[in-house]
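Step one of this worksheet: look at the structure below.
Bear in mind that the values in this text are calculations on the coordinates, not laboratory data. Since we're looking at a predicted model, the values are computed, not measured. In this analysis, Cβ positions are derived from the backbone assuming ideal geometry, glycine residues included, and neighbour counts consider all displayed protein chains.
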Amino acid sequence: MKNNVIISIKNLSFSYNSNKVLDDINIDIERGAYLGLIGPNGGGKSTLLKIILGLLKPDSGRVEFAGGVNPRCSDDCRIGYVPQRISQDYQDLPATVFDIVESGLVAKEEIFKLQKNRNEVINDAIKLAGLKGMENKLIGELSGGQRQKAFVARALASHPQILILDEPFVGVDLSSQDEFYKFLRKLNIEKGLTIIFVSHDIDIISAQAKQIIALNKKIVYTGQAVKVNEKELVDNIYGQKFTHIHHDR
Amino acid sequence: MIADIFEILQYDFMVRAFLAGIIVSLIAPLMGFFLVIRKFSLMVDTLAHISLVGVAGSLLFQFNPLFGAMLVSVGAGIAMDRLRSLKNIFSDTVMAIFMSGGLALTLILFSLGNGIGVNMLNYLFGSITTITQSEILLFVILGIIVLITVFLLRKKLFLISYDEDLAVINGMNTKLYNALFMLLVGVTISLAIKAIGALLMGALMIIPVASAMQLGYGMNKTLLYSIIFSLTSVIAGITFSFYLDLPSSAVIVLMLLLFFVSSVLFKRSYA
């Protein structure tokens with residue numbers, strides 16, 4: 001594994017029953033990358049994320065992380081995760097911003113030995129996400145963009161080196177999306193965080209990501225984001241001819 | 001009402017009823033909270049119905065029905081949770097299968113045992129005033145164990161309940177915690193079945209939580225208000241039922257509903 005690579009995916013394949021959704025995937029993700037993962041529904045994006053996160057086991061191949069094969073035991077490669085459908089799924093959750101961010105710490109804590117400076121760590125993560133003063137607000141009272149930030153703060157509380165976001169903008173209005181992307185980019189540049197986000201929206205990905213991986217069961221494209229809007233490439237990603245109508249970003 | 005309670009406490013069976021009621025009202029909403037977060041509220045009714053298999057079996061083979069109910073509800077709870085986690089069968093389908101299977105088995109055991117019908121009614125609708133001295137000891141010991149365990153693990157249980165994937169990603173042994181959680185739910189149901197009855201179990205575990213959630217607080221305060229609503233309903237319910245000569249479980253449920261309606265109205269007034 002090269003020095004600057006933080007995740008290396010080698011010969012990875014996965015099937016649901018007999019339906020192959022990932023076919024011989026090989027990717028090296030560099031430390032500090034700001035990477036968009038795009039592809040059609042059923043193209044294997046979420047499956048690939050779940051395998052990286054250790055939620056699914058591949059049929060063949062492997063995922064290697066800097067510092068070891070298991071991301072859970074390596075400080076050098078700790079993963080923060082922001083799930084999809086936050087806006088819909090957590091609307092009625094009886095939890096404050098503080099509760100949510102705190103829950104990013106509890107899995108690794110021993111029952112009788114809490115982290116000494118845990119309140120400071122939680123408040124720092126809340127501040128970093130720009131939610132200072134909202135600690136006691138219910139998660140359901142926040143706007144879509146603020147809610148996303150609260151879940152990023154939850155991930156940041158455990159000081160990850162990699163941040164993975166699954167369809168982060170479903171149900172979030174456009175102005176909040178822009179502000180949120182600026183926030184992510186700032187984390188990427190200032191904190192050196194490797195950021196991987198999944199979206200089915202080709203315009204968002206091409207405008208925001210620095211690098212792109214386009215996935216439709218196989219790797220269709222890897223490289224600079226700016227080229228992903230080219231018509232021939234879009235047809236390749238989605239597997240058929242498309243009339244591509246752009247929206248402003 | 002305080003003076004009335006002191007008058008009632010002259011009777012030993014009422015002292016036991018209050019003690020059992022207080023313990024159950026402390027632990028039932030605690031477990032209910034995590035089930036609500038998991039969107040698994042109906043599991044309470046399913047497990048309560050299944051635990052009747054243990055009650056009927058115990059009455060038939062003449063051992064303490066609390067143990068029978070506990071054995072069956074813990075086993076069924078763990079089995080249902082495992083099936084749910086396989087994710088190739090819907091949760092409500094799992095519950096429907098277990099509930100109908102449980103009731104069918106209960107009916108068979110019921111028909112095999114002559115004269116267990118009257119006792120069965122105590123477990124269907126609750127009979128908090130018939131709790132015995134030996135049973136109250138079990139209530140106290142198991143109640144304290146459940147309380148302490150949930151207090152210590154509440155934040156981990158909260159995480160698993162609302163985002164099990166993150167718990168797995170962060171290295172938690174979710175299978176172990178889920179099994180422990182179902183064990184605690186099973187114990188709670190087996191204790192509450194004598195107090196409130198299998199048919200009204202959902203009320204005691206879910207309504208206080210639903211009421212507290214209307215108030216718009218975070219995890220700790222929602223848990224606290226759930227317990228306050230549950231405790232007040234049980235104490236008031238037992239007291240009113242004594243003076244009005246009504247079934248205590250039914251009065252407790254009506255008190256819980258009163259809290260729910262009030263909290264919904266409160267939310268509408270201040271929203």
Expected output is a single nm value to one decimal: the length gained when fully extending between B:L147 and B:N64, i.e. 0.36 nm times separation in residues minus the C-alpha distance. What is it?
27.6 nm
Relative to the Cα centre, what is the charge dipole magnitude of the range A:29-155, using +1 at the beta carbon of each Lys and Arg, -1 at the beta carbon of each Asp and Glu, and rounding to the nearest 20 debye?
140 debye
Looking at chain B as a GNM with Cα springs under 10 Å, which of B:Y123, B:Y162, B:Y11 has the largest mean-square fluctuation?
B:Y11
FRET efficiency (A:K10, B:D165; Cβ distance; R0 22 Å; to 0.05) is 0.40
Sticking with the crude label model, points 7 Å out along Cα→Cβ, report the distance from A:V170 to A:L55 in nm, one decimal please.
1.1 nm
FRET efficiency (A:R62, A:N3; Cβ distance; R0 30 Å; to 0.05) is 0.95
In whole percent, what relative contact order does the range B:179-245 give with Cα contacts below 8 Å and a gap of six or more residues?
21 percent
If the label point sits 7 Å along Cα→Cβ of B:A3, residues of the range B:224-262 with amide N under 19 Å come out as B:236, B:239-244
A:H159 to A:E179: extension gain in nm, 0.36 nm per residue of separation minus the Cα-Cα distance?
5.0 nm
Share of alpha-carbon pairs per 10 Å distance bin for the range A:137-196, given as whole %:
22, 56, 22, 0
Work out from phi, with θ = phi - 60° and the Karplus expression 6.51 cos²θ - 1.76 cosθ + 1.60, the ³J(HN,Hα) of each residue of the range A:133-139, listed in order in whole Hz, and give x for Gly and Pro.
x, 10, 3, 9, 6, 5, 4
Give, in whole angstrom and from largest to smallest, the semi-axes √(5λ) of the equivalent ellipsoid of the range A:1-160, with λ running over the eigenvalues of the Cα gyration tensor.
31, 20, 14
q = 0.10, 0.12 Å⁻¹: log10 I(q)/I(0) that the Debye formula gives for chain B, counting C-alpha atoms only:
-0.49, -0.71
How high is the FRET efficiency between B:V15 and B:N114 when r is their beta carbon distance and R₀ equals 35 Å, given to the nearest 0.05?
0.55
Checking understanding here: applying a Kyte-Doolittle mean of at least -0.5 and a length along the axis of at least 27 Å (C-alpha), which whole DSSP H helices in chain B pass?
B:12-37, B:42-61, B:65-86, B:91-112, B:133-162, B:174-196, B:219-244, B:248-270
Put a dot 7 Å past each Cα toward the Cβ at A:I111 and B:A96; how far apart are the dots in nm?
3.8 nm
Dividing the convex hull volume of the Cα atoms of the protein assembly as shown by its residue count, what figure in Å³ per residue is obtained?
173 Å³
Short version: what are the Cα gyration tensor semi-axes of the range A:66-203, square root of 5 times each eigenvalue, largest first, in whole Å?
23, 20, 13
Sequence gap at least 6, Cα distance under 8 Å: using those rules, report the relative contact order of the range B:1-152 to the nearest whole percent.
34 percent
Counting sequence-distant residues (5 or more places) and residues on other chains, those with an amide H built under 5 Å from that of A:V82 are A:I164, A:L165, A:D166
